[in-house]
Amino acid sequence: MRSFLADTARLDRDCTVVDLCTGTGSSALKMAQESKVRVIGVDFSEGMLRQAYRKSPRGAACFWIRADATSLPIAACSADRVTCTYAMYELSGNARDKVLEEAARILRPEGMFIMMEHLPPNQRFIKLLYLIRIYVLGTRGVRSFAGTEEEKLSRYFERVKTVVAPGGKTKAVYGFKPWGT
């Protein structure tokens, strides 16, 4: 799935990618290794970032920042791509909006925001577990966000689209920062 993210992000060697809610850095490291791009992994958890640092091979262009994704210590218009994998559903509605505002702020014009999330499963029991996660255990506002990601992202980005990964278990929703913002 992390290769799918890198492919969707259309990375080239000159890109600077900010990976929000990076956790242990798996997506960030994959993008840095496969695409030879600079990646800044951001997470509020020091323990997660410690694991990301330990996993980083020597010479990988990955940098780890401990910060809240709702208030990034990153300059405006400084990133070519902003990614967020399997975390947007975990954020409350207000936090999600702030994260999207921050992603738009740090992106260069025509920069791309890409979020990746699981699709609802087809198998009944697994689908039940998924729905329990979304509707019972999920954060406030996830019910109104899940399935309407394109509409919500269109508030911050243009040309928003959804692509489904091979195998049909994951989707990426992406959009571009408009010129002049």
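Note on the chain: with a GNM built from Cα contacts shorter than 10 Å, the maximum mean-square fluctuation among Leu128, Leu107, Leu11 falls on Leu128.
In summary, the chain shows an alpha-carbon radius of gyration equal to 0.98 times the 2.2 N^0.38 Å reference for compact globular proteins.
Would you mind getting me the FRET efficiency between Glu151 and Arg58? Use the beta-carbon distance for r and R0 = 30 Å, nearest 0.05. Working from the Cβ atoms, E equals 0.10. In the assembled protein chains, Leu49 presents an accessible area of approximately 20 Å² (probe radius 1.4 Å). To the nearest ten degrees, helix 46-55 and the longest principal axis of the Cα atoms of the chain are 60 degrees apart. Computed over the chain with a Gaussian network model linking Cα atoms closer than 10 Å, the most mobile of Pro166, Pro109, Pro73 is Pro166.
Note on the chain: with a GNM built from Cα contacts shorter than 10 Å, the maximum mean-square fluctuation among Arg108, Arg81, Arg13 falls on Arg13.
Simple rule: put +1 on each Lys or Arg Cβ and -1 on each Asp or Glu Cβ in segment 42-101, find the dipole, and look at Ala75, Leu49, Tyr89; the Cα lying farthest toward the positive end is Leu49.
With +1 on each Lys and Arg Cβ and -1 on each Asp and Glu Cβ, and nothing else charged, work out how big the dipole of the chain is about its Cα centre, in Debye to the nearest 20.
Values: 28 positive and 19 negative charges, 93 e Å.
Computed charge dipole of the chain: roughly 440 debye.
For the chain, what is the accessible area per residue in Å² when the probe is 1.4 Å? Can you show the working numbers first?
Working: 9340 Å² over 181 residues.
I get 52 Å² per residue for the chain.
Round to the nearest 0.05 the FRET efficiency obtained for Thr162 and Leu129 when R0 = 22 Å and r is the Cβ-Cβ distance.
On the way: r = 23 Å, r/R0 = 1.02.
Taking R0 as 22 Å, the efficiency between Thr162 and Leu129 is 0.45.
For Ala79, neighbours were defined as the other residues whose beta-carbon sits under 11 Å from its Cβ, and their charges (Lys and Arg +1, Asp and Glu -1) total +2. Computed with a 1.4 Å probe on the full set of protein chains, the accessible area for Arg105 sits at about 80 Å².
The values are calculated or read from the model by the stated rules, or taken from the named source; none is laboratory data. Everything numeric in this text was worked out from a predicted model, so none of it was measured. Cβ sites come from the backbone with ideal geometry, for glycine too, and all protein chains shown count toward neighbours. The area values use the complete protein model at the heavy-atom level, side chains included, leaving out ligands, DNA and RNA. Shrake-Rupley method; radii C 1.70, N 1.55, O 1.52, S 1.80 Å.
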